[in-house]
1. State the three equivalent ellipsoid semi-axes of the range 107-262, derived from the C-alpha gyration tensor as the square roots of 5 times its eigenvalues, in descending order and whole Å.
2. Averaged across orientations, what area in nm² does the convex hull of the alpha carbons in the chain project?
3. Can you order the peptides 170-178, 183-191, 274-282 by their average number of other Cβ atoms within 10 Å per residue, highest first?
4. With a cut-off of 8 Å between alpha carbons and a minimum separation of six or more residues, what is the relative contact order of the chain in percent?
5. Compute, for the chain, the length of the dipole vector about the Cα centre, with Cβ point charges of +1 (Lys, Arg) and -1 (Asp, Glu) only. Units Debye, rounded to 20.
6. From the phi of every residue in the range 351-361, what ³J(HN,Hα) in whole Hz does the Karplus formula 6.51 cos²θ - 1.76 cosθ + 1.60 yield, where θ is phi - 60° and glycine or proline is x?
7. Would you be so kind as to identify which of Thr145, Phe232, Asn89 lies farthest towards the positive end of the dipole of the chain, taking Lys and Arg as +1 and Asp and Glu as -1 on Cβ and the Cα centre as origin?
8. Provide Phe271, Phe83 in ascending order of the number of other Cβ atoms located within 10 Å of each residue's Cβ, fewest first.
Amino acid sequence: MYIMNGFSQNSYYLVTGTYTNGKSEGIYIHEFDLKTGDAKQLNVVKGIKNPSYLAVSPDEKFVYAVSEQNNAGNGGKVYAYSFNKAAANLEEISSQPSGGDDPCYISVDKTGNWVVAGNYSSGSLKAMRVKNGILQEDTRIIRHTGSGINKERQEKPHVHCTYFSTNNKYVYVPDLGIDKVMIYGFNSNNGDLRNIGSASVEPGSGPRHIIIHPGGKYAYLMEEIKGRVSVFSVNGQTGMLNKIQTVSAAADGFTGDMGSADIHISRDGKFLYASNRGDANDIAIFSVDPLNGKLKKIGNQPVLGIAPRNFTLDPTEKFLLVANMKSDEIVIFKRDTRTGKLTDSGKRISVPTPVCLRWIAK
């Protein structure tokens with residue numbers, strides 16, 4: 001039986017966001033067995049278009065989903081759901097405009113009182129107050145400016161992530177279009193976001209997702225276009241980032257398109273994983289130096305599917321689940337917690353165009 005933080009249980013809910021412009025009907029809810037890696041579909045939440053990214057409130061009572069669309073130039077939306085654990089179902093309780101076109105990321109602050117959505121096509125982010133899970137109309141919208149050297153991908157700003165710092169005082173916003181991680185001071189009392197600086201990467205890199213080491217001292221940035229991970233030291237007092245390393249996420253000898261996407265780190269801080277789409281279709285595996293946070297490549301695990309958009313470590317971290325968007329399947333890997341390496345469990349979850357994977361305790 002799995003035991004963590006004083007409770008024990010054998011299964012969790014797995015909540016999956018998707019694109020609905022194909023066979024998908026919305027947000028899928030499965031029961032996932034933490035011992036065996038087996039999954040059983042319980043519900044599908046319909047009535048939302050392209051719920052491509054999800055966030056769960058700290059108390060796990062609410063789920064927030066972007067509706068990734070531009071609605072003929074009128075922007076996307078953000079939906080709030082209450083999660084009924086007994087029925088294993090999401091019940092819509094509110095929605096608000098996302099403040100721009102094609103929202104692709106959403107996060108909840110540590111208090112659970114604010115959500116911030118990032119709009120890819122508009123290069124903007126929007127903070128929304130939450131009361132009892134309900135999105136309020138008061139908003140704070142920030143729009144980035146600028147462009148990059150890749151004229152096809154970086155013709156304008158493209159916000160791709162809104163990530164709260166460990167201490168909840170800062171929001172890190174990678175922008176693929178301007179090759180920067182914008183850094184905002186965050187006031188959890190009123191939701192104020194104030195730009196306090198930025199961290200730049202090599203031109204044409206295309207920053208996408210960022211995570212912070214469990215110890216809070218290091219940050220890791222996935223660069224979509226160049227397929228690399230940049231490592232930063234984090235100043236906990238100022239929120240500033242200082243780049244200390246950049247490593248390729250490509251397998252040795254690989255020369256094709258990377259299209260890198262997601263990035264996660266194990267709870268013990270020892271291993272980092274990064275997904276590559278494009279021609280690669282694999283997960284890069286790194287060990288993390290405990291003394292300086294730097295990465296060392298262990299290898300690349302093929303995802304046994306196409307376009308690994310997002311992926312997740314299960315609550316036991318004995319499994320790693322990959323959302324292979326273009327092969328309509330979540331592939332489940334066994335994870336060696338000692339070496340960090342992955343092996344195919346042989347288990348699959350059939351979900352049309354899966355994108356985002358989230359966990360909720362039963």
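1. 27, 18, 13
2. Mean orientational projected area (the chain, Cα hull): 16.6 nm².
3. Order by mean packing, descending: 170-178, 274-282, 183-191.
4. 12 percent
5. Taking the Cα centre of the chain as origin, the dipole is about 560 debye.
6. 9, x, 6, x, 10, 10, 10, 9, 10, 9, 5
7. Farthest towards the positive end: Phe232.
8. Starting with the residue having the fewest Cβ neighbours, the order is Phe83, Phe271.
The numbers here are math on the coordinates, done by the rules we state, and not lab data. These numbers come from a predicted model, not from an experiment. Every residue, glycine among them, receives a Cβ derived from its backbone with ideal geometry; neighbour counts consider all protein chains shown.
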